[in-house]
1. Taking θ = phi - 60°, what integer Hz values does the Karplus form 6.51 cos²θ - 1.76 cosθ + 1.60 yield along segment 221-226, in sequence order, with x for Gly and Pro?
2. What size of dipole, in debye to the nearest 20, comes out for segment 1-119 about its Cα centre when the only charges are +1 on Lys and Arg C-beta atoms and -1 on Asp and Glu C-beta atoms?
3. If you plug each phi of segment 112-127 into the Karplus form 6.51 cos²θ - 1.76 cosθ + 1.60 with θ = phi - 60°, what whole-Hz ³J(HN,Hα) values come out, in order, with x for Gly and Pro?
4. Just flag the GluC sites (Glu not before Pro) in segment 20-120 sitting in loop per DSSP whose Cβ has no more than 10 other Cβ atoms within 10 Å.
5. Considering only 143, 183, 208, whose Cα is most displaced toward the positive end of the charge dipole of the chain, charges sitting on Cβ of Lys, Arg (+1) and Asp, Glu (-1)?
6. Find how much the distance from residue 291 to residue 28 grows on full extension, using 0.36 nm per residue of separation minus their present alpha carbon separation; answer in nm with one decimal.
7. Taking 7 Å along the Cα-to-C-beta vector as the label spot, tell me the residue 195-residue 141 distance in nanometres, rounded to one decimal.
8. Given the -39500 (n - 2.57) contribution per DSSP H run of 4+ residues, what per-residue ellipticity at 222 nm results for the chain, rounded to the nearest 500 deg cm²/dmol?
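All of the numbers you see were taken from the coordinates with simple rules; none came from a lab. Remember, predicted model here, so these are calculated numbers, not experimental data. Quick reminder, even Gly has a Cβ in these numbers, built from the backbone with ideal geometry, and neighbours come from all protein chains shown.
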Amino acid sequence: MFRGLHIVPPDTRIDFMRLRLIAFVLSSLMVVGSIGLIAVKGLNFGIDFRGGILMEVKTPGPADLAGLRGQLSALGLGEVALQEFGAADAVLIRIQRQEGDEKAQLRAVGQVKEALGERLEYRRTEFVGPKVGRELIEDAVLAVVLALGGIAAYIWFRYEWQFGINAIVATFHDCITTVGLFALLGLEFNLTTVAAVLTIAGYSVNDTVVIYDRVREELRRYKKMPLYDLINMAVNKTLSRTVVTSGLTLLSVLALYGFGGEVLRGFSLALIWGIVIGSYSTVFIATPLLLYMKLRRGESAPAKAAEGKPKPAAEAPGGGA
């Protein structure tokens with residue numbers, strides 16, 4: 001009989017909890033290091049946050065992004081980013097803000113038009129000021145904070161407060177180390193990266209909820225089993241699902257990283273890191289932290305079923321009619 005494919009054997013008994021202290025130390029170093037890099041080295045903010053010039057152009061045929069990027073890079077205007085915008089012949093050009101006033105920005109636009117020629121249709125030209133960039137940074141931080149708060153409230157409502165706190169710790173760990181990775185490598189941090197961080201938060205908590213469901217189920221079933229063994233059992237029982245889900249998602253994102261082009265490179269790299277670190281934090285951070293929480297042992301299903309049955313009527317003294 002066909003019993004399905006098991007990438008992880010059903011009888012796996014890995015002692016994950018034994019590695020929890022090593023994982024706690026490693027994660028603490030990563031979080032502290034990430035915060036230090038962000039504070040000292042800073043992030044390489046993209047045009048979205050720093051401000052700059054935004055141009056939308058239409059080419060006669062499918063746009064040659066590599067050729068256009070080479071022409072614009074030779075102008076010495078600083079950072080230049082290009083991407084398709086809704087169609088193969090529509091291109092969005094972002095150029096970093098030039099030193100000086102509005103005249104300096106207009107000169108840069110003139111250089112771009114001169115380099116690309118009259119064969120292109122220039123649909124719009126916009127200037128993003130530094131004030132707008134600061135507002136976008138504030139909105140991005142607010143979006144991440146609200147997302148983390150919503151996740152914590154959901155876990156708290158669905159389970160208990162202990163689960164909510166642990167889930168938010170693990171999710172914060174995943175998000176801050178992702179931002180720290182960008183600070184370490186000096187990669188461009190823009191609105192696309194913020195979208196990746198929010199995606200990582202959702203992916204991480206989804207993986208955590210699956211194991212938490214199993215932990216809650218085992219707590220109701222095994223009232224006297226040591227918590228250490230019970231959590232180990234729960235992680236092992238969900239290990240196959242974690243490996244399959246994370247593995248397939250990782251394959252998709254690796255393809256995106258390899259063939260998605262320069263514009264999606266930072267986004268896909270953030271997701272690759274997020275998938276790996278999210279699976280790690282679920283198994284080695286969010287779940288082991290439950291060992292230090294006073295979890296309530298729920299009642300087992302048989303006990304609840306017994307409570308639902310009517311009790312037999314007591315026999316009257318003396319019996320008989």
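1. 3J(HN,Hα) across segment 221-226, in whole Hz: 7, 10, 6, 10, 5, x.
2. Magnitude of the dipole: close to 480 debye.
3. In residue order, the calculated couplings are 5, 5, 5, 6, 7, x, 8, 6, 9, 9, 8, 7, 7, 9, 10, 10 Hz.
4. 99, 118
5. Of the listed residues, the answer is 208.
6. Working it through step by step, the gained length comes to 92.9 nm.
7. Output for this residue pair reads 2.3 nm.
8. -20000 deg cm²/dmol
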